[in-house]
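J.: Below you'll find the structure I mean.
The values are calculated or read from the model by the stated rules, or taken from the named source; none is laboratory data. Owing to the predicted nature of the structure, the values given are computational and were not obtained by experimental measurement. Don't worry about glycine lacking a Cβ; one is built from the backbone with ideal geometry, like all the others, and counts go over all protein chains shown.
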């Protein structure tokens, strides 16, 4: 309707102003006046009247001094840097128009068969709004770009800007802009920026992304210009856990085995002790599992827990868990997205065999101060987004802590009074958009855990991380980023039993990474990713210092270890045709173990021990001790069988130069890391995968299979001493592993009822064979690894009953993990001992658990300062006592069996969340 | 109110996490493996050497399962064959006394009654290392203030050809019954008691007992900063342990071992020590140096240990280290008490559950003490050992 009126107005004006020319001269003086004032002044000194909408006119101050100057000159100057055009009628009326120009003649052939004299001074045709709109019944918002300039000969212009989420002000990445019927399109980059060449005139632009409602805007282009959009996100999707942000990603992504968890809203999942836990949610997806509730590591596709690369804003975090893995060490409110690569790992990542957990903190709000807070029974959590420079830079701060410690201290119970269990973590991120092409990001992270299990020992561990990232866009085709980061993990054990065996033990690992990654789009078919990375490890395996004068503990200081891990990488995303896409990648990893160090050389062909030691070689500082390296292939292909059905296949190989030393059956925070050296070789793995993917209306289906082999997997002799052992190579040996599985995922992410069902059948096997009996396990045959759980089933479902109430539940079933169980007892030197079965010959009972949760939203009054909601959940409703481990000790000469379980009773929790 | 609730939840959580997630349970056999267990420690001491053979028993019941009727021999590479014969169930003793000598390979061979054959790898005697200094000293726990008597070894030979040691000890202590009454008065009314009564009464006063260690004490002197000053604590006795109430003696046996034997005992020791709450050491079968001749994959438990042994004994009195200080308590409570029921009194005197203590005051009941306070022989004791020096 509005358009029609405009057109009528236009025609009317055109009619009235035919062939009118006005060259009135005026004298006027103004200084630092607003344009409106100047207009009023002109109105006062002349008999002209201006017609315009005040909001069109900006507040910029102008100055001028004109003596008998043509009115047109004055007006030209006033509106020189604006999008305002004017038209002077014969009736001494001046119409100001935004963007568009009022034409005083009709274009050629506008009115056919009429004898109108056409002035040919203008080489361009005016832009008719109605024209491009004629088949359109809907209304589209019209955006006019640039100032129409009748003398411009250009026919296409560049429009650029950024697109953000209206509510969170976070950039919307990978949003597609399609110019209807013109075959032009572009995608927003990671910062939400886009740039598109548009033909002059009216363009219907479609905005497409799963996170927004599909939207069409009419953009009338007069000139080069800038347009920023704040779009409404698709709230229907965001109310639930969004596993994939892109509708077609499931079928369209070229590489298989990617899981993306968007953390915008995971509030509907039942909580454990009030904690929203990303990694726990990841573990409900196929291929990702934990050894048990109290295990701090994650096993991805049958890989050991040390084979995962956890990255927060590109910086590594060695232990992403708190309190033995019961909580994850990531503040859920500060996380933007978590992407897990379990199949083909992109070439830019390396150094771990099984997976990459790429965690990105959220884009902070640059407009308004906002935040989120949660109060739970164990921890409290706060996240703030603080704008520093509007639309340019902002700070994201997240903090979380337990209050269990002071509660424990204030208790009357003697045994609890002395126990400790506390943790906290802190994250800060600063983002600065220097300009369209440059941005800077700095992230800092710290987490700390402290606990004592017995009154005489105090354990603590901490993660530290600092990252600096500079992103630069060279041009439309090429962009890159330079990343510098340093990470540290350390733990400490203080043993103070007031005996002469008291000690203080410290362990520390540090790594510094410098990485350059580039992206170059050759053409529509080829997109290159390439770069280099250099990582320096510095590891302090620990020292043990006697505590107190009485201690007979000899101070032990294990010498530091140092190594350099470098890589160059290149990948090409090659779109062969509409159906077939390839991702071809290669990474060459190079590793050098560096001095200063001593390396022991053992007799060939004999088990390594103190007795077969030939000599100890000393290496000077930074002297190369041993190098390893090789190419890592990361390739995959996707083929569309039909539009919503695709198949993918891939092969990837990986190197890992660092190993955890743990003689526990599950990963614990006190496991130490060891660098490969002359005696310990790097781990290597190969994975083949194949999958079928299907999108069906609201459902996404996928079936993936994989076969994986690994070699040089570090294992330990029974009863090995791994902590503070300088002769560590005498306690370990390396074996081969293989794992395979089928993973099924059915997901519904839309609607009031949504969630997913995941099932995987997988096996993870290890073979430790050697000619020496002490380095052989289970007669050198393949046996199940500690985390081999063939059947793994998860069902996560949310049901939104009303706008305020939603109900969710979680069901998990897993085959019990393997254990080594006694198959008899015997007496030796007066003690009763257990004779164990072959390693992992038996299994603990199957694991199953049901959690339920209820979310109650606060009321939705628009004027409310903050939005709040309550979450009530019950973890393990069935009260199933899932054993976590079973172990056997000889106490007072008698064999005693223990079973431990973590959450054996239903655990109810209430948390209160507030968002402002 | 809200606070209290949070407290409660956290309390529940923490107590739950820290305390109650580990609980003992009755082990049930899933499967049973019948395996031969061999305890064979041969030393350089010339004596009747002993070897013990047994089998595993099921998890539910403790039924010692000795392995009888096996043929046990030790051969050396000089073709000497030492035969063993079963002297008691599962216990095999060498037919002649012998001691292992240096630079010889010893092989243990066993043929069980079911015809299965087992052999050890050739094993040599490590060099003998004497115990240079064994001493007792009074120690204090800095934090708790608790006092102990600690037995240490130091002055290890820095150039000794053996670096790996296992220790055993045997402690012997003197017991003096605190409520003992000499039942052979030198003077008094009536005829003197017969001399055997006097002799027996004396026997009730002083007793001895010996207890052998059951823990495996291992040391690798390579880990010592300084072989001379580094001391190894062999035994720690709390100040109030009754065994040091009077006079105490400890015999320490030091077995110099090969690295392989040391490693075997080290692993064995790991399985004897307690576990961490939330993480579990990888358990498993560990083999020694004995294998089945017929089936290499058959599990055989045990180590054929050829060690050179050295001994040292020390004595001390409680008063040497704690002069003029109160003695540790006696093994049982010796506070006198009365039994009002006269029948019950006589029954318990008759049954030697209690003994008279002192003379009753007129009109009061006779006080009694637990019999062990008056007659130490009712405790577990042995005759005065030959080595005992007062």
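J.: Failed condition for residue A:98, given (1) surrounded by 18 or more Cβ atoms within 10 Å (Cβ to Cβ); (2) touching a helix residue (DSSP H, G or I) at 6+ places or on another chain (Cβ under 7 Å); (3) free of Cβ contacts under 8 Å to residues at least 60 places away in the same chain, with all others met?
T.: Among (1) surrounded by 18 or more Cβ atoms within 10 Å (Cβ to Cβ); (2) touching a helix residue (DSSP H, G or I) at 6+ places or on another chain (Cβ under 7 Å); (3) free of Cβ contacts under 8 Å to residues at least 60 places away in the same chain, residue A:98 violates only (1).
J.: Something else now. Would you be able to say whether some residue in the range A:17-40 is surrounded by 14 or more Cβ atoms within 10 Å (Cβ to Cβ) and at pLDDT below 75?
T.: yes
J.: I need the full set of residues from the range B:79-93 which are over 16 Å from residue B:48 (Cα atoms) and over 24 Å from the mean Cα position of the chain (by Cα), in order please.
T.: Scanning the range B:79-93 gives a single hit, B:79.
J.: Of the residues A:839, A:849, which single one is touching a strand residue (DSSP E or B) at 6+ places or on another chain (Cβ under 6 Å), outside any strand (DSSP E or B) and buried (at least 18 other Cβ atoms within 10 Å of the Cβ)?
T.: Numbers: A:849 fails: outside any strand (DSSP E or B).
After applying the criteria, what remains is A:839.
J.: Output yes when any residue across the range A:670-677 is more than 25 Å from the chain's Cα centre (by Cα), part of a loop (DSSP other than H, G, I, E, B), buried (at least 20 other Cβ atoms within 10 Å of the Cβ) and modelled with pLDDT of 90 or more, and no when none is.
T.: yes
J.: Based on this model, can you work out whether residue A:745 counts as assigned to a loop (DSSP other than H, G, I, E, B) and closer than 28 Å to residue A:321 by Cα?
T.: no
J.: Please specify each residue of the range A:593-618 satisfying the condition of being more than 14 Å from chain B (Cβ to nearest Cβ), crowded, with 19+ Cβ neighbours inside 10 Å and part of a strand (DSSP E or B).
T.: If the condition is that a residue be more than 14 Å from chain B (Cβ to nearest Cβ), crowded, with 19+ Cβ neighbours inside 10 Å and part of a strand (DSSP E or B), then A:593, A:594, A:597 are the ones that fit.
J.: Now for a different question. Does residue B:115 count as surrounded by 16 or more Cβ atoms within 10 Å (Cβ to Cβ) and on the phi > 0 side of the Ramachandran plot? Walk me through how you get there before you give the answer.
T.: Working: surrounded by 16 or more Cβ atoms within 10 Å (Cβ to Cβ): no; on the phi > 0 side of the Ramachandran plot: yes.
Here the answer is no, as residue B:115 does not meet what is asked.
J.: Give A:589, A:581 a once-over and let me know the one that is more than 30 Å from residue A:726 (Cα to Cα) and crowded, with 18+ Cβ neighbours inside 10 Å.
T.: Result of the check over A:589, A:581: A:581.
J.: Restricting the search to the range B:133-168, which residues are facing another protein chain (nearest Cβ under 10 Å) and farther than 20 Å from residue B:251 by Cβ?
T.: B:139, B:140, B:141, B:142, B:143, B:144, B:145, B:146, B:163, B:164
J.: Give A:385, A:372, A:339 a once-over and let me know the one that is more than 25 Å from residue A:871 (Cα to Cα) and not in a loop (DSSP other than H, G, I, E, B).
T.: Working: A:385 fails: more than 25 Å from residue A:871 (Cα to Cα); A:372 fails: more than 25 Å from residue A:871 (Cα to Cα).
It is A:339.
J.: Go through the range A:784-795 and report how many residues are within 14 Å of chain B (Cβ to nearest Cβ) and touching a strand residue (DSSP E or B) at 6+ places or on another chain (Cβ under 6 Å).
T.: 3
J.: Somewhere in the range A:381-390, is a residue at pLDDT 90 or above and either in contact with a helix residue (DSSP H, G or I) (Cβ under 7 Å, 6 or more places away or on another chain) or under 30 Å from residue A:787 (Cβ atoms) (or both)?
T.: yes
J.: Out of A:701, A:722, which single residue is at pLDDT 90 or above and either within 14 Å of another protein chain (Cβ to nearest Cβ) or within 26 Å of the chain's Cα centre (by Cα) (or both)?
T.: Only one candidate qualifies: A:701.
J.: Just a yes or no: is a residue in the range B:164-180 part of a loop (DSSP other than H, G, I, E, B) and farther than 26 Å from residue B:376 by Cβ? Don't jump to the end; show me each part of the working.
T.: Of all residues in the range B:164-180, those part of a loop (DSSP other than H, G, I, E, B) come to B:177-180.
Narrowing the set further to residues that are farther than 26 Å from residue B:376 by Cβ leaves none.
Taking every residue of the range B:164-180 in turn, none turns out to be part of a loop (DSSP other than H, G, I, E, B) and farther than 26 Å from residue B:376 by Cβ.
Yes/no matrix, rows are residues, columns are (1) without any contact (Cβ under 8 Å) to a residue 60 or more places away in the chain; (2) assigned to a helix (DSSP H, G or I); (3) buried (at least 20 other Cβ atoms within 10 Å of the Cβ):
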site: B:295; (1), (2), (3): yes, no, no
site: B:307; (1), (2), (3): no, no, yes
site: B:319; (1), (2), (3): yes, yes, no
site: B:326; (1), (2), (3): yes, no, no
site: B:329; (1), (2), (3): no, no, no
site: B:346; (1), (2), (3): yes, yes, no
site: B:361; (1), (2), (3): yes, no, no
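J.: Being surrounded by fewer than 21 Cβ atoms within 10 Å (Cβ to Cβ), within 14 Å of another protein chain (Cβ to nearest Cβ) and not in a strand (DSSP E or B), is that true of even one residue in the range A:810-826?
T.: Yes, there is a match, as at least one residue in the range A:810-826 is surrounded by fewer than 21 Cβ atoms within 10 Å (Cβ to Cβ), within 14 Å of another protein chain (Cβ to nearest Cβ) and not in a strand (DSSP E or B).
J.: Could you list, in sequence order, the residues of the range A:869-916 that are assigned to a strand (DSSP E or B), more than 9 Å from chain B (Cβ to nearest Cβ) and surrounded by fewer than 17 Cβ atoms within 10 Å (Cβ to Cβ)?
T.: Within the range A:869-916, A:870, A:872, A:912, A:914, A:915 qualify.
J.: Search the range A:66-93 for residues being loosely packed, with under 14 Cβ neighbours inside 10 Å and in contact (Cβ under 8 Å) with a residue 12 or more places away in the chain, and hand back the single one that is nearest to residue A:146 (Cα to Cα).
T.: A:81
J.: Now a separate question. Just to verify a result, which residue in the range A:738-758, among those that are in contact with a strand residue (DSSP E or B) (Cβ under 7 Å, 6 or more places away or on another chain) and surrounded by fewer than 17 Cβ atoms within 10 Å (Cβ to Cβ), is nearest to the other protein chains (Cβ to nearest Cβ)?
T.: A:742
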